[in-house]
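The values are calculated or read from the model by the stated rules, or taken from the named source; none is laboratory data. Predicted model only: the values in this text are computed from it and were never measured. Cβ atoms come from the backbone with ideal geometry, glycine included; neighbour counts cover every protein chain shown.
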Amino acid sequence: GQQVMQIPQYQHVQEGEDFTTYCNSSTTLSNIQWYKQRPGGHPVFLIQLVKSGEVKKQKRLTFQFGEAKKNSSLHITATQTTDVGTYFCAGPITSGTYKYIFGTGTRLKVLA
Amino acid sequence: KAGVTQTPRYLIKTRGQQVTLSCSPISGHRSVSWYQQTPGQGLQFLFEYFSETQRNKGNFPGRFSGRQFSNSRSEMNVSTLELGDSALYLCASSWGAGFLSYEQYFGPGTRLTVT
């Protein structure tokens, strides 16, 4: 079935280092959203990308949507301890049984 | 503006029982979606309701059902509970219909444990 994989599954970085998570879909996504879930918390919406090749920035976070609309990335510059959590991408699949899929998530740990 | 609320927050049930979870969306939001989150399967979409109608459904057995009321509050029911139903159940509300077309606001979740 349709899947949205994220790599890496886990990432430990030293505070101040950069971090990138990649989201890859087996099918084309009409749009993609990114969420952050802190340990013990619930997902919090970060951003939505709609256009092919779109790039959006939020302070230290840069989001990109691939040209083929099948992949996306989230890059964090100079990580801080407040960036700790699991980052999920999510997208509506245009065909198949599973219409709405969340990525497998990337758990980020920032070491002070 | 109050956030999404879910009740109860924690629940322990026995195999074979049924359970009803409740979700109150943010005021003015008409769409409510439900998700199951487990360590092994991650976040999985259950269903989406808009204006009291189920618009989309994930790949879950018929034991999982839901409904939405005229005030947009939603309930989710799981019948004949199985051990594998132990999970965090999250609901999310958004202003419009069409999952992922609108920013979703998640509630704190209901932690269900089936023994």
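Any idea which of (1) aromatic (Phe, Trp, Tyr); (2) more than 13 Å from the chain's Cα centre (by Cα); (3) surrounded by fewer than 19 Cβ atoms within 10 Å (Cβ to Cβ) is the one residue A:100 doesn't satisfy?
Of (1) aromatic (Phe, Trp, Tyr); (2) more than 13 Å from the chain's Cα centre (by Cα); (3) surrounded by fewer than 19 Cβ atoms within 10 Å (Cβ to Cβ), only one is false for residue A:100: (3).
May I ask you to say which residue of A:11, A:6 is touching a Ser or Thr at 6+ places or on another chain (Cβ under 9 Å), within 13 Å of residue A:104 (Cα to Cα) and in contact (Cβ under 8 Å) with a residue 40 or more places away in the chain?
Residue meeting the stated conditions: A:6.
Checking residue A:1 against (1) within 14 Å of another protein chain (Cβ to nearest Cβ); (2) at pLDDT 95 or above, which single condition isn't satisfied?
Condition not satisfied by residue A:1: (2).
Evaluate the following for residue B:47: is it within 12 Å of the chain's Cα centre (by Cα), at pLDDT below 95 and not hydroxyl-bearing (Ser, Thr, Tyr)?
yes
Got at least one residue in segment A:74-81 being farther than 22 Å from residue B:42 by Cα, out of contact with any Lys or Arg (no Cβ under 9 Å at 6 or more places or on another chain) and hydroxyl-bearing (Ser, Thr, Tyr)?
yes
For the list (1) within 14 Å of chain B (Cβ to nearest Cβ); (2) touching a Gly at 6+ places or on another chain (Cβ under 7 Å); (3) aliphatic (A, V, I, L, M), I need the number of the one condition that residue A:47 fails.
(2)
Pick from segment B:53-68 the residues that are modelled with pLDDT of 95 or more and in contact with a Phe, Trp or Tyr (Cβ under 7 Å, 6 or more places away or on another chain): which of them is farthest from the other protein chains (Cβ to nearest Cβ)?
Only one residue tops the list, namely B:68.
Look at residue A:48 and say whether it is crowded, with 18+ Cβ neighbours inside 10 Å, without any contact (Cβ under 8 Å) to a residue 40 or more places away in the chain and either over 24 Å from residue B:34 (Cβ atoms) or of a type outside the set (A, V, I, L, M, F, W, C) (or both).
yes
Here is a yes/no grid of residues against (1) within 14 Å of chain A (Cβ to nearest Cβ); (2) surrounded by fewer than 19 Cβ atoms within 10 Å (Cβ to Cβ); (3) at pLDDT 95 or above; (4) more than 16 Å from residue B:108 (Cα to Cα):
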{"residue": "B:2", "(1), (2), (3), (4)": "no, yes, no, no"}
{"residue": "B:9", "(1), (2), (3), (4)": "yes, yes, yes, no"}
{"residue": "B:12", "(1), (2), (3), (4)": "no, yes, yes, yes"}
{"residue": "B:15", "(1), (2), (3), (4)": "no, yes, yes, yes"}
{"residue": "B:24", "(1), (2), (3), (4)": "no, no, yes, no"}
{"residue": "B:29", "(1), (2), (3), (4)": "yes, no, no, yes"}
{"residue": "B:36", "(1), (2), (3), (4)": "yes, no, yes, no"}
{"residue": "B:40", "(1), (2), (3), (4)": "yes, yes, no, yes"}
{"residue": "B:43", "(1), (2), (3), (4)": "yes, no, no, no"}
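For the list (1) assigned to a loop (DSSP other than H, G, I, E, B); (2) facing chain B (nearest Cβ under 10 Å); (3) surrounded by 14 or more Cβ atoms within 10 Å (Cβ to Cβ), I need the number of the one condition that residue A:17 fails.
Of (1) assigned to a loop (DSSP other than H, G, I, E, B); (2) facing chain B (nearest Cβ under 10 Å); (3) surrounded by 14 or more Cβ atoms within 10 Å (Cβ to Cβ), only one is false for residue A:17: (2).
Go through the residues of segment A:68-75 one by one and say whether even a single one is within 14 Å of chain B (Cβ to nearest Cβ), at pLDDT 95 or above, in a strand (DSSP E or B) and touching a Gly at 6+ places or on another chain (Cβ under 9 Å).
Yes, segment A:68-75 has at least one match.
Just one of A:56, A:99 is free of Cβ contacts under 8 Å to residues at least 40 places away in the same chain and at the interface with chain B (Cβ under 10 Å from one of its Cβ atoms); which is it?
A:99
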